[in-house]
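Presented below is the structure to which this report refers.
Please treat every number below as a calculation from the coordinates, not as lab data. Worth saying up front: this structure is predicted, and the values here are computed from it rather than measured. Note that we place each Cβ from the backbone using ideal geometry, even for glycine, and neighbour counts take in every protein chain shown.
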Amino acid sequence: MDGKVVPIPYGRAGRGRKVKGLVGSFQLMKSLNKSLILNVIRTDGPISRAEIAKKTRLTPPTVTNLVNDLLESRLVQESDLGVSTGGRKPIMLKINSEAFQVIGIDVGVSHIKVIVATLDAAIIDSLYIKVIQPLDKESLIKLLNESIRRIMEKAALRKERVIGIGVGMHGLVNPDRGVGIFAPNFNLHDIPIRESLESEWDLPVEVENDVRAMALGESWFGHGQGLEDFICLNVGMGVGAGIILNQELFRGTSYTAGELGHTTIDVEGPTCACGNDGCLQALTAGPAIAARAQRGLRMGRKSRISEFVQGDWSQMTGETVYQAACQGDEFAREILADTGRYLGIGIANFINTLNPQKVIIGGGVSKSGDFIMETLKETVETRALNISAKAIAIQTAKLGDDATAIGAATLVLKKLFLPNIPHKR
Ligand SMILES: [Zn+2]
């Protein structure tokens, strides 16, 4: 890690935003070609210069020049010799994943999780900071800065080796401006996350809705790798989704695409936080599961669920119901099976709308595994319209609890490797 530090080419093209100081010294990716080569090395490496030329249709001298730049910046390194196709064995190139780091932040309701990852999203270090509510915009920004400062210290990061900071923020987010437009769980509006963090750290900052960040993380490093179209459904305290179409996040006209938690499943169903009746979220999120358990117990259902909260029903959560199900409790298993059915109805709707290749389910409720997955899959099979839709792969998220933080880091990696694709479709 010693030696001369050459500024990293970091894509800013197309957005007209520049950060002073260190980031100012981050060169704009001077040519499309350099980022093209960098990305081919990422996806196909170890790869020879000749193969890069073939794949990118650039001339060998151009490839050689640009690869030299990338080697000098230390983003790329030479690896073992490849297989000869006649002459001498070619030198192979790969991404120097550990030479730089990226910071990913998952802004949850009760905790902020921050990770440091390599360029291939391997987590080097992480920590949590507790969120104490109520909090205003300034104290939230302060907490974010505190989390960055602490992870930099804990992981002994050199700032010139950090390529940027990604933030996965719950609620409505404008990723083009880096603003949290509305965070319902904090009741905060117009949080200038990017502006505040960039001025504090002189590093590029990317901000995205937490579930969309999770979907991007699964797309690059999880079960969505290589897929063109898939849906990543998060079922936890709320229900939301990130939709990947043509390998890109689909955001919609005003950044609200993916609010699948507020599609109606049962018009006679319980009232949702959004005010409508029978939303998917009101039937399947953790609090909805707990509410169904409480209702059943009030009506005299025999169950061991209340033992897990020492009789204090107000402490009941989706997890309590899951624990009881694991102990063989019939009522708890019934509640989770129903949750799977409701999710199946919702997912069949989304499959019929978007015809994705796969549906990935993340979030706390997805940890209930087979207790929900069995009825979920059955319901999708019954309700999806055609044979290929019925057979669609449905699986739980690969990145688990780290999915949003890794997704947040991926926002920054995406700017490095694919800088020229604008946010808006
Ligand atoms: Zn709703």
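Taking amide H as placed 1.01 Å from N in the peptide plane, the amide H of H111 sits under 5 Å from that of V131, each at least 5 places away or on another chain.
Taking the Cα centre of the chain as origin, sum charge times position over the Cβ atoms of Lys and Arg (+1) and Asp and Glu (-1), and report the length of that vector in debye to the nearest 20.
Numbers: 49 positive and 46 negative charges, 269 e Å.
My answer is approximately 1280 debye.
When the GluC sites (Glu not before Pro) in the stretch 253-339 are filtered for DSSP coil states and for at most 12 other beta-carbon atoms within 10 Å of their beta-carbon, the remaining sites are E268. Taking a ≥ b ≥ c as the square roots of the eigenvalues of the alpha-carbon gyration tensor, the stretch 31-98 is classed oblate because a/c is 1.5 or more while a/b is no larger than b/c.
The mean sequence distance of close C-alpha pairs (under 8 Å, at least 6 residues apart), as a share of the length of the stretch 225-397, puts its relative contact order at 22 percent. Counting lysine pairs in the stretch 273-425 that sit 8 or more residues apart in sequence, or on different chains, and whose Cα atoms lie under 29 Å apart gives 21. Classify the chain as rounded, prolate or oblate from the Cα gyration tensor: take a ≥ b ≥ c as the square roots of its eigenvalues, call it rounded if a/c is under 1.5, otherwise prolate when a/b beats b/c and oblate if not. Prolate is the answer for the chain, as a/c is 1.5 or above and a/b outweighs b/c. Rounded, prolate or oblate: which fits the stretch 360-416 when a ≥ b ≥ c are the square roots of the eigenvalues of the alpha-carbon gyration tensor, with rounded for a/c under 1.5 and prolate only if a/b beats b/c? Because a/c hits 1.5 or more and a/b fails to exceed b/c, the stretch 360-416 counts as oblate. When all alpha-carbon pairs of the stretch 225-397 are counted, what percent fall beyond 25 Å? Counting pairs separated by more than 25 Å, the tail of P(r) holds 32 percent. Here the sum of -39500 (n - 2.57) over DSSP H runs of 4 or more residues, divided by the residues of the chain, equals -11500 deg cm²/dmol at 222 nm, to the nearest 500.
Restricting to bridges with both residues inside the stretch 225-397, how much of the DSSP beta-bridge set is antiparallel, in percent to the nearest 5? Counting DSSP beta bridges with both partners in the stretch 225-397, the antiparallel share is about 55 percent. For A257, the residues 5 or more places off, or on other chains, whose built amide H falls under 5 Å of its own are G252.
Here the Karplus curve 6.51 cos²θ - 1.76 cosθ + 1.60, taken at θ = phi - 60°, turns the phi angles of the stretch 255-262 into couplings of 6, 10, 4, x, 7, 5, x, 10 Hz, with x standing for Gly and Pro. Checking every one of the trypsin sites (Lys or Arg not before Pro) in the stretch 258-323 against DSSP loop status and a limit of 15 other Cβ atoms within 10 Å picks out R301, K302, R304.
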